[in-house]
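I have placed the structure first, in the form of structure tokens, so that the comments after it can refer back to it.
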Amino acid sequence: MTRGIAILGSTGSIGRNTLDVVDRLGDTFRVTALAAGSNMTLFAAQVEKYRPALVSVSDRRDAEKIRGISRRWRTKVVHGPEGAVEVARADGADIVVSAITGMSGFRPTLEAVRAGRRVALANKESMVVGGAILRREAVRSGAKIIPVDSEHSGVFQCLNKERGRYVRKVILTASGGPFFRTPLKDLPHKTLEEALRHPRWVMGRKVTVDSATLMNKGLELIEARWLFDLEPAKLDVLIHPQSAVHALVELEDGSVLAQLSATDMRIPIQYALTWPSRRDTGLPGLDLARIKRLEFRKVDERRYPLFALAREALRAGGSLPVALNAANEVAVAAFLEKKMLFPDLRAVVAEVMAEHRARPADSIEAITDIDKEARREARRFIPQR
């Protein structure tokens, strides 16, 4: 049976890889709706190739351009935040791939869950800021949330046949990013260009910077807390430079389950689309003999101070993860524009967390208010250079 797919963030790395998977699986899936915020040249090509019934872009001018090329096959074109929500709830979409980067992906993800869709989740920020709400709405609507991040996909696969009460610990792995072997004394002098040279993965600029600071793993710990309904004390991260083992699950009897695969995002993307079935990806298998060794090390919080701040937010819960995520998004955006230096990333987030007034984050309105407040605070701390 052919299943309809809507993709939020179709021009990003996850979106492009999802379409590659769809192409390979032939008539198994059809693209019913697409949303993108940038790279309109690529998006126009995607719209022309897949001819979805509904597409959304960020602003009205881009909408007019896309409307001009898609008029022949009567594609409906919408724009703005409401347009992304419309794509998330699109008729005929059995699966919604949530791959919009940052807080802006939360509301479309929530609406897809409320609509009872299968959500292939690549937008970790949605779970970070509103995990409790997403879990509650999924129970109400019958939606299934399946993680796309390789680490959470690994945990999901390990837990697929295990009961949660038997879990002693869930361990996510991290490559360590581009500065894993950099002497600590040299870290303050690292440039944007160096931070964007990830040793293993080709990703968007924001998540690549988060990998350099290990904030991505901090956010993923918070995400895992809600995805798998685990207490913070049961969650950990290990540095694993080979990036072959994506997750480990330690059980009460001392057994440890691990999920391994090649470093290619099409593997967890395809699993999220085809679950509970598995299909040939056409990709090379994992050659352990070539890798030869698998290393694991504890996270050095002197090297990754932003990871320590994320752990603090994980333990505190409530509104602090929302403030953490907002401050980090503002700081990374400023770093990407070369408005501040690498050490300033930690300084901005720490200042916002120190100033934050903790309160419940139990509704989309409360989360939105907390997010806006934290962003205003973060901008105050951006260095004037």
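Can you tell me which residue in the range 114-139 is farthest from E373 (Cα to Cα), limited to those that are basic (K, R) and surrounded by 24 or more Cβ atoms within 10 Å (Cβ to Cβ)? Per the criteria, the residue is R117. Looking only at residues in the range 219-231 that are over 12 Å from the mean Cα position of the chain (by Cα) and not aromatic (F, W, Y), the one that is surrounded by the fewest Cβ atoms within 10 Å (Cβ to Cβ) is E231. Selection of the range 140-168 for residues being modelled with pLDDT of 95 or more, of a type in the set (D, E, K, R), in a helix (DSSP H, G or I) and surrounded by fewer than 22 Cβ atoms within 10 Å (Cβ to Cβ) yields only R140.
As a summary of the residue check, E337 satisfies the conditions (1) surrounded by fewer than 22 Cβ atoms within 10 Å (Cβ to Cβ); (2) touching a residue at least 40 places away in the same chain (Cβ under 8 Å) except for the one numbered (2). Looking only at residues of the range 366-385 that are in contact with a Leu (Cβ under 9 Å, 6 or more places away or on another chain) and outside any helix (DSSP H, G or I), we find that the one that is modelled with the lowest pLDDT is R385. So which of S104, S98 ends up being small (G, A, S) and at pLDDT below 95? Of S104, S98, the one residue that is small (G, A, S) and at pLDDT below 95 is S104.
Return the pairs, sorted by first residue and then second, in which the second residue is modelled with pLDDT of 95 or more and part of a loop (DSSP other than H, G, I, E, B), the first residue lies in the range 208-235 and is of a type in the set (V, I, T), the beta carbons are less than 6 Å apart, and the residues are 6+ apart or on different chains. Partner pairs satisfying both residue conditions: T208/L196. Hey, any hits in the range 263-276 for a residue that's closer than 21 Å to D23 by Cα, outside any helix (DSSP H, G or I), aliphatic (A, V, I, L, M) and touching a Ser or Thr at 6+ places or on another chain (Cβ under 8 Å)? There is at least one residue in the range 263-276 that is closer than 21 Å to D23 by Cα, outside any helix (DSSP H, G or I), aliphatic (A, V, I, L, M) and touching a Ser or Thr at 6+ places or on another chain (Cβ under 8 Å). Being in a loop (DSSP other than H, G, I, E, B) and over 24 Å from A212 (Cβ atoms) is a condition met by no residue of the range 327-338. Restricting to the range 348-365, and then to whatever is crowded, with 16+ Cβ neighbours inside 10 Å and assigned to a helix (DSSP H, G or I), can you tell me which residue is farthest from the chain's Cα centre (by Cα)? Among those residues, the one meeting the criterion is E351. Restricting attention to the range 87-103, the residues that are surrounded by fewer than 24 Cβ atoms within 10 Å (Cβ to Cβ) and under 12 Å from the mean Cα position of the chain (by Cα) add up to 3. Within the range 150-181, being among the β-branched types (V, I, T) and touching a Ser or Thr at 6+ places or on another chain (Cβ under 8 Å) holds for one residue alone: T173.
The values are calculated or read from the model by the stated rules, or taken from the named source; none is laboratory data. Just so we're clear, the structure is a prediction, and the values are computed from it rather than from any experiment. All Cβ positions, even for glycine, are placed from backbone atoms using ideal geometry, and neighbour counts span all protein chains on display.
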